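A.B. asks: Before I ask anything, here is the structure I am working with.
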Amino acid sequence: MSNAELLTMAEFSARAGVAPSALRFYEAQGLIEATRTIGNQRRFARTELRRVGFIRTAQQVGLTLEEISDALASLPRGRTPTKADWQQLSSLWRPRLDARIAHLEQLRDKLDSCIGCGCLSLKRCALANPGDEAASTGDGPVFLRREAI
């Protein structure tokens, strides 16, 4: 691949919609690859754009960087992933997305009457959490967190 076919950091960042610092981090984590010029400047193949898109989507799903790395390891290097590649990976994400959707719906439905207990600021909390019993299970919205698990 000639240098003319490679993207500079600025070009790649603009095209990917990701800050150069994030791209350097992704590269350091082994999630994307860049070649170097004689002057040690990064150059990215266009195929890396798909990997960055994958990383961003996986983060929105809630995958950890380790899970993202494992998923990327199953994708081909040097070629654009196929529809079948993406379908296989997305099928692994579906249960996690379904769980997040269910949690968000539960949060939405309880938002008007409860902010997760532990606060004792609403009359209902005094019934659901008398004497702040939830404090022994952790800080923050412990009832909503537990139901999400």
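A.B. asks: What residue, of Leu49, Leu72, Leu63, Leu23, is crowded, with 18+ Cβ neighbours inside 10 Å, in a loop (DSSP other than H, G, I, E, B) and either over 13 Å from the mean Cα position of the chain (by Cα) or free of Cβ contacts under 8 Å to residues at least 40 places away in the same chain (or both)? First the steps, then the outcome.
C.D. replies: Working: Leu49 fails: in a loop (DSSP other than H, G, I, E, B); Leu72 fails: in a loop (DSSP other than H, G, I, E, B); Leu23 fails: in a loop (DSSP other than H, G, I, E, B).
That would be Leu63, the only listed residue that is crowded, with 18+ Cβ neighbours inside 10 Å, in a loop (DSSP other than H, G, I, E, B) and either over 13 Å from the mean Cα position of the chain (by Cα) or free of Cβ contacts under 8 Å to residues at least 40 places away in the same chain (or both).
A.B. asks: Run Pro81 past the list (1) within 18 Å of the chain's Cα centre (by Cα); (2) buried (at least 16 other Cβ atoms within 10 Å of the Cβ); (3) modelled with pLDDT under 95 and report the number of the one that doesn't hold.
C.D. replies: (1)
A.B. asks: Checking Glu33 against (1) assigned to a helix (DSSP H, G or I); (2) surrounded by fewer than 18 Cβ atoms within 10 Å (Cβ to Cβ); (3) among the acidic types (Asp, Glu); (4) out of contact with any Pro (no Cβ under 8 Å at 6 or more places or on another chain), which single condition isn't satisfied?
C.D. replies: (1)
The values are calculated or read from the model by the stated rules, or taken from the named source; none is laboratory data. Remember, it's a predicted structure, so these values are computed and weren't measured experimentally. When we count neighbours, we look across all protein chains shown, and the Cβ atoms used for this are built from the backbone with ideal geometry, even at glycine.
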